[in-house]
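Coordinate-derived values only; no laboratory data. Since the model is a prediction, treat every value here as computed from it, not as a measurement. Cβ: placed from backbone, ideal geometry, glycine included. Neighbour counts: every protein chain shown.
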Amino acid sequence: MPVQRLNHAVLYVRDVAASVAFYADALGFAPIDGMAELRGAAFLRAGGSTNDHDLGLFEVGPAAAPSQAGRGAVGLYHLAWEVDTLAELERIAGRLQGLGALAGATDHGTTKALYAKDPDGIEFEVSWLVPAELLNQEILDSRSRLAPLDIAAEKDRFGADTRGGVGISSHA
């Protein structure tokens, strides 16, 4: 049986309390009571998730060097979380902007994506995926050209509360 989806991610961070506060404030992740048995660790669950945990954080201390992944070293580029609606994507964009964490917003055609960085500079993506029933040739052809994301225009096009196509992603 093939892999179905990502169950959780684990990150090494400088300050676990600061990272817990950031992910709670920015994306609504909630710490899971009773799972922080280890000092310097935290386990969080995304709102609406039924996973045991969606994000594990392990503290390595303030002297930790930044990740060199992509700058002369191999490593993970980013994690991507999906939201249900463009209204939610817009709300999160405002939240990330307010936190000074928003690094970019890109229209990938089938995927509308925000890019941000956590307190340690670890990049992540938050995206809304065009539902399969709304895909057309124009959208599919646009996957090969990246464009700035205009959430207001996408809300006009698809509807603010249209549920995204969870798991139907197609980056070019």
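Key figures for this structure:
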quantity: Förster radius 22 Å - calculated FRET efficiency between I139 and R71 (Cβ-Cβ, nearest 0.05); calculated: 0.10
quantity: Cα centre as origin, Lys/Arg/Asp/Glu Cβ charges: segment 19-60 dipole, Debye; calculated: 40
quantity: Pairwise label distance in nanometres, A152 with A9, each label 7 Å out on the Cα-Cβ vector; calculated: 3.0
quantity: Dipole magnitude of segment 79-158 about its Cα centre (Cβ charges: Lys, Arg +1; Asp, Glu -1), debye to nearest 20; calculated: 140
quantity: Gyration tensor verdict on segment 9-59 (Cα atoms; rounded if a/c is under 1.5, prolate if a/b is larger than b/c, oblate otherwise); calculated: oblate
quantity: About the Cα centre, charge dipole magnitude for the chain (Lys/Arg +1, Asp/Glu -1 at Cβ), debye; calculated: 300
quantity: Cα principal axis extents for the chain, largest first, Å; calculated: 51, 41, 37
quantity: Structure-based [θ]222 nm, the chain - -39500 (n - 2.57) summed over DSSP H runs of at least 4, per residue, nearest 500; calculated: -6500 deg cm²/dmol
quantity: Highest-MSF residue in the chain out of Y12, Y115, Y77 [GNM, Cα springs under 10 Å]; calculated: Y77
quantity: At least 15 Å along the helix axis (C-alpha) and Kyte average at least -1.0, DSSP helices within the chain; calculated: 16-27, 86-98
quantity: The chain: most fluctuating residue of E59, E138, E123 per GNM, C-alpha cutoff 10 Å; calculated: E138
